[in-house]
């Protein structure tokens, strides 16, 4: 995976420099590669036991603009709360490990590590709450220990999640990183792995940059989303590699607010559920740019999902220069995500643009709600294998017939197209 990602990253950078035109739907900030803070305020040393107090004290006493530096070794910790302007620098060879003790994360009701009607009984491992500036930097690893037995018992966080799915209810497991009501947060270079729940969850964030992040969890680890921008604006996720047991990225907009001006550029997705918007979009999602994305083996590829229980307006979403392979649903734009859902929150998807999107086989699903709420999509150079199948319902599609293969239902058959050379290189096939 590492060699393939390097090859892909180099290629996608060249594409973005040479052939990709400017687009309006994106982060409104000017984004450059993050650099490490010039000042290190503390260099804690791992104790070989639990380091929560040492690390939290170092963060609390660090001045804005400086970093707490973790050098080589394993630091074991419970929940940590970040401070405005402070960076947690996880250096090469360092590993920050979340202790698998539900009591350490419990919010005071004894629910963490249990199945309940709600799933909000645990504090996150690392939280940015009402902070501005700072973030996480470095080439080290933050490990959530999702596969470790919890509380001295015989069940892991991930097994708890599977049991909740089977029995009904929600697992109470900590998220790895929660960014809440914060501004100008940066994560750069670090590897996040094995989260008990979502790796990065965002709520009402204004300005966030994720540059060169690696997120890695098993394909069967339930509810381990990669990065979920929720009710957030001006977010960039770039040069990152993500494989998880759920959505690689999911943009959400529930009752807490809308999401807009998000750029997802030059990224690689391995296993997971794909590049998603939804399912909560009732407050609205708009001005999203997905460019130079490789989706290799994700179950869904490009996905917008909602229904009448949590629908809303999704508009001005552009996907361009996307390579897909080994996906069950390479395209899944669905306003009936849960066909049994009831409600009056009408999902409407409009001004959806697919440009230079290439893949192999699978189901190409585009389903609007009804004839009064058609899915509005424009297709430019959208090509899949002849074995791919369209499922189209209540859709207004704008496309040149020669630009789409296999042809949309009711359109004339086009000559077989060659595979994409760019996509072959993106998957590493041109470097063997």
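The values are calculated or read from the model by the stated rules, or taken from the named source; none is laboratory data. Note that this is a predicted model, so its numbers are computed, not measured. Glycine also receives a Cβ, built like all others from the backbone with ideal geometry; neighbour counts cover every protein chain displayed.
Considering region 167-176 alone, what residues qualify as being farther than 11 Å from residue 113 by Cα and either outside the structural domain of residue 220 (by TED's automatic domain parsing) or not in a loop (DSSP other than H, G, I, E, B) (or both)?
Restricting attention to region 167-176, the residues satisfying the condition of being farther than 11 Å from residue 113 by Cα are 167-169, 175-176.
The answer is 167, and nothing else.
Among the residues of region 350-362, is there at least one that is farther than 18 Å from residue 315 by Cα and in contact with a helix residue (DSSP H, G or I) (Cβ under 7 Å, 6 or more places away or on another chain)? Walk me through it before giving the result.
First pass over region 350-362, keeping only residues farther than 18 Å from residue 315 by Cα: 356-362.
Still in the running and in contact with a helix residue (DSSP H, G or I) (Cβ under 7 Å, 6 or more places away or on another chain): 358.
Yes - at least one qualifying residue is present in region 350-362.
Of the residues that make up region 121-141, is at least one touching a residue at least 12 places away in the same chain (Cβ under 8 Å), more than 30 Å from residue 41 (Cα to Cα), out of contact with any helix residue (DSSP H, G or I) (no Cβ under 9 Å at 6 or more places or on another chain) and surrounded by fewer than 20 Cβ atoms within 10 Å (Cβ to Cβ)?
no
For region 45-72, give me each residue that is assigned to a strand (DSSP E or B) and under 17 Å from residue 97 (Cα atoms). Before you say what the answer is, go through the steps one by one.
From region 45-72, those assigned to a strand (DSSP E or B) are 66-70; that's our starting set.
Selection gives 68, 69, 70.
Return a yes/no flag: does region 315-326 have any residue that is surrounded by 15 or more Cβ atoms within 10 Å (Cβ to Cβ), touching a residue at least 24 places away in the same chain (Cβ under 8 Å) and farther than 27 Å from residue 259 by Cα.
First, the residues of region 315-326 that are surrounded by 15 or more Cβ atoms within 10 Å (Cβ to Cβ): 315-326.
This time we only want the ones that are touching a residue at least 24 places away in the same chain (Cβ under 8 Å), so: 315-326.
Filter again for farther than 27 Å from residue 259 by Cα, leaving 325-326.
Within region 315-326, one or more residues are surrounded by 15 or more Cβ atoms within 10 Å (Cβ to Cβ), touching a residue at least 24 places away in the same chain (Cβ under 8 Å) and farther than 27 Å from residue 259 by Cα.
Kindly indicate which of 227, 179, 185 is more than 22 Å from residue 121 (Cα to Cα) and touching a residue at least 12 places away in the same chain (Cβ under 8 Å).
Values: 227 fails: more than 22 Å from residue 121 (Cα to Cα); 179 fails: more than 22 Å from residue 121 (Cα to Cα).
Answer to the check: 185.
Among the residues that make up region 241-261, is at least one of them outside the structural domain of residue 193 (by TED's automatic domain parsing), crowded, with 24+ Cβ neighbours inside 10 Å, touching a helix residue (DSSP H, G or I) at 6+ places or on another chain (Cβ under 9 Å) and under 20 Å from residue 318 (Cβ atoms)?
no
Tally time: how many residues in region 204-220 are touching a helix residue (DSSP H, G or I) at 6+ places or on another chain (Cβ under 9 Å) and crowded, with 24+ Cβ neighbours inside 10 Å?
Summing the residues that are touching a helix residue (DSSP H, G or I) at 6+ places or on another chain (Cβ under 9 Å) and crowded, with 24+ Cβ neighbours inside 10 Å in region 204-220 gives 1.
For every residue, the table says whether it meets (1) within 22 Å of residue 224 (Cβ to Cβ); (2) surrounded by 16 or more Cβ atoms within 10 Å (Cβ to Cβ).
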residue	(1), (2)
44	no, yes
91	no, yes
109	no, no
143	yes, yes
